[in-house]
Amino acid sequence: MNTSLTNAARLLGAGLRALLVLTVVTGIVYPLVVTGVAQGLFPGKANGSEVTAGGGVVGSSLIGQAYDLPLKDGQETPEPDLRWFQGRPQNGLGTNTVNTRYALVLSGATNRSADNAELVRWVKEAKAAVVEDNSVPGHPVKPSDVPADAVTSSGSGLDPHISPEYADLQVRRVAERNDLPVARVQRLVDTHTTPRTLGFIGEPRVNVLELNIALKALKGGADGH
């Protein structure tokens with residue numbers, strides 16, 4: 001009996017020591033080392049790829065934002081603020097059903113097939129809105145001019161980029177709404193267009209947050225004159 005108790009105590013002690021060591025190594029030492037290396041070599045990425053403007057953090061270059069007008073009385077869906085470049089639709093965003101106390105932003109795709117009736121309706125409505133919003137006097141937008149990323153959400157629903165084609169489509173509307181020359185707004189888009197990575201990976205893209213920050217600076221400069 002004493003031998004059995006001794007063996008059990010020895011095994012329990014060994015297990016507790018192993019638990020303590022693993023807790024310290026994996027719960028304290030490893031996170032500190034990884035955090036230190038990340039902060040030393042990639043501080044920007046380690047801190048969430050923050051984008052600053054006007055002396056403060058205004059977002060992340062990895063997460064898209066909505067540029068909407070404040071909700072009116074009785075309105076459930078905000079209208080886009082057409083003074084700004086708009087990102088991709090956010091129909092892929094999920095709803096928070098677990099913690100209803102906070103309005104959390106959840107990512108996710110629609111997971112609907114191409115012939116799904118709801119998805120088809122979303123695309124048709126989005127295309128009609130893009131045509132209407134971006135048509136300016138003398139320069140109507142045709143449905144065939146609307147690129148796919150203007151009417152579909154990304155796989156995460158949080159893509160911060162749009163295609164150069166979609167950005168170009170918005171140039172005249174943004175210029176008109178802000179009383180800016182079309183050529184200056186177009187140059188802004190061209191300057192903020194990122195080419196394919198290494199020349200062959202991915203597609204050319206425009207970060208909407210960074211573009212709108214530059215647009216705000218351009219508006220400020222124009223107002224100053």
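Working carefully through the options Val141, Val171, find the one that is at pLDDT 95 or above, in a loop (DSSP other than H, G, I, E, B) and on the phi < 0 side of the Ramachandran plot. Give the steps one after another, and end with the answer.
Numbers: Val171 fails: in a loop (DSSP other than H, G, I, E, B).
Criteria check complete, one pass: Val141.
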Check your understanding: Taking only pairs six or more apart or across chains, which ones have beta-carbon atoms under 8 Å, a first residue in the range 178-192 that is among the hydroxyl-bearing types (Ser, Thr, Tyr), and a second residue that is part of a helix (DSSP H, G or I)?
Key -> Thr191/Ala214
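Quick one: would you say Thr193 is hydroxyl-bearing (Ser, Thr, Tyr) and within 18 Å of the chain's Cα centre (by Cα)?
Details: hydroxyl-bearing (Ser, Thr, Tyr): yes; within 18 Å of the chain's Cα centre (by Cα): yes.
Judged against the criteria, Thr193 is a match.
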Check your understanding: Just to be sure, is Leu32 within 30 Å of Leu209 (Cβ to Cβ) and either in contact with an Asp or Glu (Cβ under 6 Å, 6 or more places away or on another chain) or hydrophobic (A, V, I, L, M, F, W, C) (or both)?
Key -> no
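For the range 47-79: of the residues being part of a strand (DSSP E or B) and over 16 Å from the mean Cα position of the chain (by Cα), which is farthest from Arg177 (Cα to Cα)? Even if it seems obvious, please write down each step before you answer.
Residues of the range 47-79 that are part of a strand (DSSP E or B), as a first pass: 50-53, 56-60, 68.
From what's left, over 16 Å from the mean Cα position of the chain (by Cα): 53, 56.
Details: Ala53: 22, Gly56: 26 Å.
My answer is Gly56.
Which residue out of Ala148, Ala175, Ala183 is surrounded by 15 or more Cβ atoms within 10 Å (Cβ to Cβ) and farther than 14 Å from Gln86 by Cβ? Full working, then the answer.
Values: Ala148 fails: surrounded by 15 or more Cβ atoms within 10 Å (Cβ to Cβ); Ala183 fails: surrounded by 15 or more Cβ atoms within 10 Å (Cβ to Cβ).
Among Ala148, Ala175, Ala183, only Ala175 is surrounded by 15 or more Cβ atoms within 10 Å (Cβ to Cβ) and farther than 14 Å from Gln86 by Cβ.
The values are calculated or read from the model by the stated rules, or taken from the named source; none is laboratory data. In this text, all values refer to a predicted model and were calculated from it rather than measured experimentally. Using ideal geometry, Cβ is built from the backbone for each residue, glycine included, and neighbour counts are taken over all protein chains shown.
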